[in-house]
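Take a look at the structure set out below.
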Amino acid sequence: MLAKVLSSTVIGIDACLVEVEIDISHGLPSFTTVGLAETAVKESKERVKSAITNSGYTFPHDRITVNLAPADLKKEGTGFDLPIALGILSATGLISQEILCRYLILGELSLDGRIKPVKGSLPMALAAKKANYSGIMVPWENRKEAAVVRGIPVFPVRTLYQSVDFFQGTNTIQPEEVNPIPQKSATHLADNDFSEVVGQEHAKRALEIAAAGGHNLIMTGPPGSGKTMLARRLPSILPPLHFDEAIETTSIYSVTGALRNGQALVTERPFRSPHHTISDAGLIGGGHTPKPGEVSLAHNGVLFLDELPEFKKHVLEVLRQPLEDQQVTISRALTTITYPSNFMLIAAMNPCPCETL
């Protein structure tokens, strides 16, 4: 008995399509996952087995082999739980394979069959649209994020039982719809409005010129002179995000899990202010499993480095490539990942002590 389910994984900020193939054959009971799967993916067998059983379905006590193709692409995350569970139920004849293979499916399973949110649903929806799938099935909490992509139906589900009913045709799910047009948040502008600044004419003039031309800026002044206050209000005089910019910025926040609960789209230009103790990997991205850093989270927005001389020398040196190329390239043994990093760099520092003598 063989079944195939379409899913996706994220490499950088782009989604790559993955075919989840399930084969059930006679033999001693076993559950094997192949296809360069990381630990979280391999552990899905326990979640899938409990979710299927606790949802009222029969888990096959046979030899189960799960192949994640292409096999040379590293698979990570918990989003393969739902595709694997539906593939097993399809291989046992509970779900029609013909209907199942039209949709891209993702979701993490709880032991009781509830479907939990996953990272990267926005770039996965973009990949599903590009591949001309009939729709994408996502966890309920990811519905607004995925529905930002126009041109592909997004079906949100809460439980495994609900998704099985949908593919059996016994229950319909209304596709999610959201307004994809980015708008500036009135609350954000009220909290950090550039028009509230009184005085500081020279500093405001410099910030206005920097905002108009997308220039970088460094502010020098004694503590309490308003450097941080001015920097935090800079995004309020920047042009509104275009829809394409908002999609790209939201994709970065989606793969890092930085979107607020229920947030569909990043509608404001980001403002990132990392602490001066940040590492080079935290600033430009990287790590054992590469993730975007602060320069990418500030894409299409502002990166503010307060107390600039306190940052480590090698941390400041790694900013050269993001500032020059507006992107960061991270190379590993198995892959090379590029993250966008088109941001305005605003720095602040206190005067040199020798100048105050």
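The values are calculated or read from the model by the stated rules, or taken from the named source; none is laboratory data. Note that the structure is predicted; figures quoted are calculated from it, not measured. Backbone-built Cβ (ideal geometry, glycine too); neighbour counts: all protein chains shown. The accessibility values were calculated without ligands, DNA or RNA, using every heavy atom of the protein model including side chains. Shrake-Rupley method; radii C 1.70, N 1.55, O 1.52, S 1.80 Å.
Quick look at the numbers
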{"read-out": "All positions within segment 87-99 that are assigned to a helix (DSSP H, G or I) and either at pLDDT 95 or above or crowded, with 20+ Cβ neighbours inside 10 Å (or both)", "value": "87, 88, 89, 90, 91"}
{"read-out": "Residue list for segment 294-345, restricted to those being within 25 Å of residue 207 (Cβ to Cβ), of a type outside the set (Phe, Trp, Tyr) and assigned to a strand (DSSP E or B)", "value": "302, 303, 305, 340, 344, 345"}
{"read-out": "Close pairs (7 angstrom Cβ cut-off, 6 or more residues apart or separate chains): open to solvent by less than 10 Å² (accessible area, probe 1.4 Å) in segment 246-263, in a helix (DSSP H, G or I) and among the hydrophobic types (A, V, I, L, M, F, W, C) anywhere", "value": "250/122; 251/122; 252/297; 254/122"}
{"read-out": "Qualifying residues in segment 180-225 (those that are assigned to a helix (DSSP H, G or I) and touching a Ser or Thr at 6+ places or on another chain (Cβ under 6 Å)) - the one modelled with the lowest pLDDT", "value": "189"}
{"read-out": "Residue match in segment 1-14 (condition: open to solvent by 30 Å² or more (accessible area, probe 1.4 Å) and assigned to a loop (DSSP other than H, G, I, E, B))", "value": "yes"}
{"read-out": "Any hit, segment 96-105, residues being within 20 Å of the chain's Cα centre (by Cα) and closer than 25 Å to residue 249 by Cβ", "value": "yes"}
{"read-out": "Wholly within segment 120-179, helices (runs of 4 or more DSSP H) carrying at least 3 residues that are open to solvent by less than 60 Å² (accessible area, probe 1.4 Å), among the aromatic types (Phe, Trp, Tyr) and in contact with a strand residue (DSSP E or B) (Cβ under 7 Å, 6 or more places away or on another chain)", "value": "none"}
{"read-out": "Of the criteria (1) among the hydroxyl-bearing types (Ser, Thr, Tyr); (2) over 30 Å from residue 252 (Cβ atoms); (3) without any contact (Cβ under 8 Å) to a residue 60 or more places away in the chain; (4) crowded, with 17+ Cβ neighbours inside 10 Å, which one residue 58 fails", "value": "(4)"}
{"read-out": "Residues satisfying the stated conditions in segment 327-341, i.e. open to solvent by less than 60 Å² (accessible area, probe 1.4 Å) and closer than 30 Å to residue 230 by Cβ", "value": "328, 339, 340, 341"}
{"read-out": "Residues of segment 236-293 classified as within 19 Å of residue 11 (Cα to Cα) and in a strand (DSSP E or B), total", "value": "4"}
{"read-out": "Matching residues, segment 146-179, being more than 21 Å from residue 52 (Cα to Cα) and touching a Gly at 6+ places or on another chain (Cβ under 9 Å)", "value": "152, 153, 154, 175"}
{"read-out": "Which numbered condition residue 299 fails, given (1) in contact with a Leu (Cβ under 8 Å, 6 or more places away or on another chain); (2) at pLDDT 95 or above", "value": "(1)"}
{"read-out": "Unique residue being more than 30 Å from residue 224 (Cα to Cα), at pLDDT below 95 and loosely packed, with under 14 Cβ neighbours inside 10 Å when the list is 288, 314", "value": "288"}
{"read-out": "Residues satisfying the stated conditions in segment 226-235, i.e. open to solvent by less than 80 Å² (accessible area, probe 1.4 Å), part of a helix (DSSP H, G or I) and of a type outside the set (Ser, Thr, Tyr)", "value": "227, 229, 230, 231, 234, 235"}
{"read-out": "Of residues in segment 100-114 being open to solvent by 10 Å² or more (accessible area, probe 1.4 Å) and assigned to a strand (DSSP E or B), the one farthest from residue 170 (Cα to Cα)", "value": "108"}
{"read-out": "Failed item in (1) outside any strand (DSSP E or B); (2) surrounded by fewer than 18 Cβ atoms within 10 Å (Cβ to Cβ); (3) not aromatic (Phe, Trp, Tyr), with residue 51 passing the rest", "value": "(2)"}
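Okay, residues lined up against (1) within 20 Å of residue 97 (Cβ to Cβ); (2) of a type in the set (A, V, I, L, M):
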{"position": "4", "(1), (2)": "yes, no"}
{"position": "7", "(1), (2)": "yes, no"}
{"position": "18", "(1), (2)": "yes, yes"}
{"position": "37", "(1), (2)": "no, yes"}
{"position": "43", "(1), (2)": "no, no"}
{"position": "57", "(1), (2)": "yes, no"}
{"position": "60", "(1), (2)": "yes, no"}
{"position": "68", "(1), (2)": "yes, yes"}
{"position": "73", "(1), (2)": "no, yes"}
